[in-house]
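A.B. asks: Dropping a structure here in structure tokens format, bear with me for questions.
The values are calculated or read from the model by the stated rules, or taken from the named source; none is laboratory data. What you are looking at is a predicted structure, and each value in this text was computed from that prediction instead of being measured. Note that each Cβ is placed from the backbone with ideal geometry, even for glycine, and that neighbours are counted across all protein chains shown. When the accessible area is computed, the model is the full protein with side chains, heavy atoms only, and any ligands, DNA or RNA have been set aside. Shrake-Rupley method; radii C 1.70, N 1.55, O 1.52, S 1.80 Å.
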Amino acid sequence: QVQLAESGGGLVQAGGSLRLSCAASVRTFSNYAMGWFRQAPGKEREFVAVITSSGGTTYHANSVKGRFTISRDNAKNTVYLQMNSLKPEDTAVYYCAARLTGISTTATYDYWGQGTQVTVSS
């Protein structure tokens, strides 16, 4: 069982920044593509960003492009989501996910973290 643990969420004012971390309890972390998804109350889980297993390629949702940046440190078994210029619409529970078969912008990942709450006040 691959375990993922998100951290770094919290309350921030609009325009502020937050850095989310996701630690993976896997020795073969570098084999997994990683993604960040989010889910607001009453809404479906949506794609935020993904990164290939090597970290060589990233994709970001249009809604966060230019503001959020996904990255990973395979030596630390950790994936990050740097969030800048936060907006109230970014408020959601953020989940990290791992996928062995490559990146995907849909919620078809093999393992999911418990989620971390991000609240952006206006």
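Okay, residues lined up against (1) modelled with pLDDT of 95 or more; (2) buried (at least 18 other Cβ atoms within 10 Å of the Cβ); (3) under 21 Å from Tyr32 (Cα atoms); (4) out of contact with any Cys (no Cβ under 6 Å at 6 or more places or on another chain):
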position: Ser53; (1), (2), (3), (4): yes, yes, yes, yes
position: Asp73; (1), (2), (3), (4): yes, no, yes, yes
position: Leu81; (1), (2), (3), (4): yes, yes, yes, yes
position: Leu86; (1), (2), (3), (4): yes, yes, no, yes
position: Ala92; (1), (2), (3), (4): yes, yes, no, yes
position: Ala98; (1), (2), (3), (4): yes, yes, yes, yes
position: Thr101; (1), (2), (3), (4): no, no, yes, yes
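A.B. asks: Since Arg38 meets every condition but one in (1) under 17 Å from Ala5 (Cβ atoms); (2) at pLDDT 95 or above; (3) not in a strand (DSSP E or B); (4) not hydrophobic (A, V, I, L, M, F, W, C), which condition does it not meet?
C.D. replies: Result: Arg38 passes all but (3).
A.B. asks: Of all the residues that make up region 67-116, how many are within 12 Å of the chain's Cα centre (by Cα) and not in a loop (DSSP other than H, G, I, E, B)?
C.D. replies: 20
A.B. asks: From the list Arg19, Arg27, Arg38, exactly one residue is more than 15 Å from the chain's Cα centre (by Cα) and of a type in the set (Lys, Arg). Which is it?
C.D. replies: Within the list Arg19, Arg27, Arg38, the selection yields Arg27.
A.B. asks: A further question on this structure: Identify, by number, the condition in (1) in a loop (DSSP other than H, G, I, E, B); (2) out of contact with any Ser or Thr (no Cβ under 7 Å at 6 or more places or on another chain); (3) hydrophobic (A, V, I, L, M, F, W, C) that Val12 doesn't meet.
C.D. replies: Failed condition: (1).
A.B. asks: Another question, then. With (1) touching a residue at least 60 places away in the same chain (Cβ under 8 Å); (2) open to solvent by 60 Å² or more (accessible area, probe 1.4 Å); (3) within 15 Å of the chain's Cα centre (by Cα) as the list, and Glu46 as the residue in question, which single condition is left unmet?
C.D. replies: (1)
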